[in-house]
1. Any residue in the stretch 30-41 that is touching a residue at least 24 places away in the same chain (Cβ under 8 Å) and among the basic types (K, R) sitting within a Cβ distance under 9 Å of a residue that is exposed (fewer than 14 other Cβ atoms within 10 Å of the Cβ) and assigned to a strand (DSSP E or B)? List the pairs, counting only those 6 or more apart or interchain.
2. Mind listing whichever residues of the stretch 54-66 are buried (at least 16 other Cβ atoms within 10 Å of the Cβ) and either of a type in the set (G, A, S) or without any contact (Cβ under 8 Å) to a residue 40 or more places away in the chain (or both)?
3. Every residue in the stretch 118-153 that is of a type in the set (S, T, N, Q) and at pLDDT below 95, please.
4. Would you call R153 exposed (fewer than 13 other Cβ atoms within 10 Å of the Cβ), among the basic types (K, R), touching a residue at least 24 places away in the same chain (Cβ under 8 Å) and over 24 Å from G74 (Cβ atoms)?
5. Would it be correct to say that S59 is more than 14 Å from the chain's Cα centre (by Cα) and not in a loop (DSSP other than H, G, I, E, B)?
6. Quickly run through the stretch 70-85 and pick out the residues that are under 12 Å from T134 (Cα atoms) and buried (at least 21 other Cβ atoms within 10 Å of the Cβ).
7. In this structure, does D89 turn out to be touching a helix residue (DSSP H, G or I) at 6+ places or on another chain (Cβ under 7 Å), within 22 Å of P143 (Cα to Cα), in contact (Cβ under 8 Å) with a residue 40 or more places away in the chain and buried (at least 17 other Cβ atoms within 10 Å of the Cβ)?
Amino acid sequence: MGPGPLKAGAVLEARSGSSVAGKVDLVESGGKLRAHVELTGLAPNSEHGFHVHDKGDCSAPDGSSAGGHFNPGGTAHGRAGSATHHAGDLPSLMADASGHVRVDLTLEGVTLAAGPTSIVGKAFVVHRDKDDFTSQPAGNSGPRVACGVIVAR
């Protein structure tokens, strides 16, 4: 019998004066990395940029301590799943009429296993605005309203 699935997660805390909070639970098994995202405190029916940032440091009040997008390949910013994008470029998050997000995502190009594409020790960041997927280097998605360090479980 082989090893079990790899697990990690992050608790996201408010930044930039927001009230956004939540968690991301990660499970990697069978070559797929799945994320379950739950957030509260967002504007009703709003869209938000969501990324893995390079540094596992959310200590700055505006989340700037998390650095830029996780980009081990040195590529341009773009839409997750497109030919050109950062490893840390993730699908946008859509809040419901109550300002909550509850969604399951499959993350591509990153892993929980040790190596250059591992996101363990990095940070998830939620932005106030939607990602335009074209502006460089980060999609013009506005202030960082939530940040959480990704830790193995």
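1. K32/T106; R34/D104; R34/T106
2. Passing the criteria: G56, G63, S64, S65, A66.
3. Here is the first cut: in the stretch 118-153, the ones of a type in the set (S, T, N, Q) are 118, 134-136, 140-141.
Within the stretch 118-153, T134, S135, Q136, N140, S141 qualify.
4. On the way: exposed (fewer than 13 other Cβ atoms within 10 Å of the Cβ): yes; among the basic types (K, R): yes; touching a residue at least 24 places away in the same chain (Cβ under 8 Å): yes; over 24 Å from G74 (Cβ atoms): yes.
When the stated conditions are applied, R153 passes them.
5. Working: more than 14 Å from the chain's Cα centre (by Cα): yes; not in a loop (DSSP other than H, G, I, E, B): no.
No.
6. Let us first name the residues in the stretch 70-85 that are under 12 Å from T134 (Cα atoms), namely 76-80, 82, 84-85.
Scanning the stretch 70-85 gives H77, A80, H85.
7. Working: touching a helix residue (DSSP H, G or I) at 6+ places or on another chain (Cβ under 7 Å): no; within 22 Å of P143 (Cα to Cα): yes; in contact (Cβ under 8 Å) with a residue 40 or more places away in the chain: yes; buried (at least 17 other Cβ atoms within 10 Å of the Cβ): yes.
Criteria not met by D89.
For every residue, the table says whether it meets (1) surrounded by fewer than 17 Cβ atoms within 10 Å (Cβ to Cβ); (2) touching a Pro at 6+ places or on another chain (Cβ under 8 Å); (3) not aromatic (F, W, Y).
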position: S98; (1), (2), (3): yes, yes, yes
position: A114; (1), (2), (3): yes, no, yes
position: T117; (1), (2), (3): yes, yes, yes
position: V125; (1), (2), (3): no, no, yes
position: F133; (1), (2), (3): no, no, no
position: S141; (1), (2), (3): no, no, yes
position: R144; (1), (2), (3): no, no, yes
position: V149; (1), (2), (3): no, no, yes
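The values are calculated or read from the model by the stated rules, or taken from the named source; none is laboratory data. Worth saying up front: this structure is predicted, and the values here are computed from it rather than measured. Positions of Cβ are backbone-derived with ideal geometry, glycine not excepted, and every protein chain shown enters the neighbour counts.
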